[in-house]
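What follows is a short report on a single structure.
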Amino acid sequence: MPGAGRCPDCGSAELVEDSHYSQSQLVCSDCGCVVTEGVLTTTFSEESNLREITYSRSTGENEQVSRSQQRGLRRVRDLCRVLQLPATFEETAITYYQQAYRHPGIRTARLQKKEVLVGCCVLITCRQHNWPLTMGTICTLLYADLDVFSGTYMQIVKLLGLDVPSLCLADLVKTYCGSFRLFQASPSVPAKYVEDKDKMLSRTLQLVELASETWLVTGRHPLPVITAAAFLAWQSLQPAGRLTCSLARFCKMANVTLPYPAASRLQELVAVLLRMAEQLAWLQVLKLDKRSVVKHIGDLLQHRHMLVRMAFQDGSAGMETQEKEQQRQRQRQRKEEVGGSTSGSLPGKRPASPALLLPPCMLKPPKRSCPTPPISTVTGDENISDSEIEQYLRTPQEVRDFQRAQAASQAAVSVPNPP
């Protein structure tokens, strides 16, 4: 489009506006001379070749993306490429990052939180598309603190009002256990510890499902439960040479970090297996303990649903059953007290009732610290105010005596002292 002014070289008025790398330029169409670059003038002689523009249309106003935001967007793209995510995931994660960055609490946050924001947007995108990715994986890639990451993750979900579904346990087990270095022999893994990947994944999935049915997963981080289930599955496939191996050594050979509560989850899972083993007649004779029950995990998982129903009872139904049983015992005791026991034989012993199927936090609630009451010592010499003394007066004679004493004290105060 021809512009105003003339070319300083040939004097032609055929000046056209050209864009070179998104930068506007005025170029002479006859000789090709670049009359000016950009939309802002640099010298006084160039002002005759340019049109007047407002600052809102200048490059200074259009540059709204800060360096910090540009660096964050680049890191979002790099993280998606490292994880080999589809292109649609990358676009969604960038959109979430831009939306979150507009909030003042994020834009003015510390650099550590902005670095964590990159991983949060990628994790939210993967969760919404049911892509098996754990929070610990992203923290490892970003060298981020898990507590800071989880806090920022919850804040972003709340700020943007996103609906993030929970991660499927089956996909998480396959992804997490697939990274173990136990499926081929190496200098750090002896031959007797190498296991088939498909067998181990199948048994680990069954143990995780058992943990989910017995309230061991609800409200807890899944990785410690999966680690404990994988350890038991690995031991049960060849128990002869693996029962002496500890959980810490197992994680070291698998090249994974041992989660802190994994040992507690292991004890809870073994306790469930022992409860189930008590219901099988051929296992009651063996008197199994925490170590020997691992040898029979295959049999227990084969009859898992029936054994869980026999070993545990539902929480609400169990409470009703206990209340009914307590009422029956009270009625039986009253009858014995009234009529007396006519026969000297003792009643037969009842079999033990199944345990309640409740979350561990309800079976073993944490102990609350009881505040120590303040120690108050009453000596009887404390001062009593006039408003409180009326509460101790009961008879009319006491009221008259109190009024007379008050009048005497006032009269003594009003009389001046003799010289």
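Just a few scattered comments:
- Taken over the range 267-304, the criterion of being open to solvent by 100 Å² or more (accessible area, probe 1.4 Å) and either of a type in the set (A, V, I, L, M, F, W, C) or outside the structural domain of residue 210 (by the TED database) (or both) is satisfied by 282, 285.
- Among residues of the range 255-268 that are within 18 Å of residue 181 (Cβ to Cβ), those with a Cβ under 6 angstrom from a residue that is open to solvent by 50 Å² or more (accessible area, probe 1.4 Å) and not in a loop (DSSP other than H, G, I, E, B), sequence gap 6+ or separate chain, pair up as 258/248.
- Condition broken by residue 234, with the remaining ones in (1) of a type in the set (Phe, Trp, Tyr); (2) open to solvent by 40 Å² or more (accessible area, probe 1.4 Å); (3) under 29 Å from the mean Cα position of the chain (by Cα) satisfied: (2)
- Some residue of the range 246-257 being out of contact with any strand residue (DSSP E or B) (no Cβ under 9 Å at 6 or more places or on another chain), of a type in the set (Val, Ile, Thr) and within 24 Å of residue 293 (Cα to Cα): no
- Residue in the range 140-148 that is open to solvent by 20 Å² or more (accessible area, probe 1.4 Å), touching a Cys at 6+ places or on another chain (Cβ under 7 Å), among the aliphatic types (A, V, I, L, M) and free of Cβ contacts under 8 Å to residues at least 60 places away in the same chain present: yes
- Taking the conditions (1) modelled with pLDDT of 75 or more; (2) within 30 Å of residue 264 (Cβ to Cβ); (3) part of a helix (DSSP H, G or I) in turn, residue 406 satisfies each one other than (2).
- Residues being in a helix (DSSP H, G or I) and not hydroxyl-bearing (Ser, Thr, Tyr) - total across the range 150-179: 16
- Matching residues, the range 167-190, being open to solvent by 30 Å² or more (accessible area, probe 1.4 Å), in contact (Cβ under 8 Å) with a residue 24 or more places away in the chain and not β-branched (Val, Ile, Thr): 167, 168, 169, 170, 171, 174, 176, 179, 181, 188
The values are calculated or read from the model by the stated rules, or taken from the named source; none is laboratory data. Predicted model only: the values in this text are computed from it and were never measured. Every residue, glycine as well, gets a Cβ built from its backbone with ideal geometry; the counts of neighbours run over all protein chains shown. The accessibility values were calculated without ligands, DNA or RNA, using every heavy atom of the protein model including side chains. Shrake-Rupley method; radii C 1.70, N 1.55, O 1.52, S 1.80 Å.
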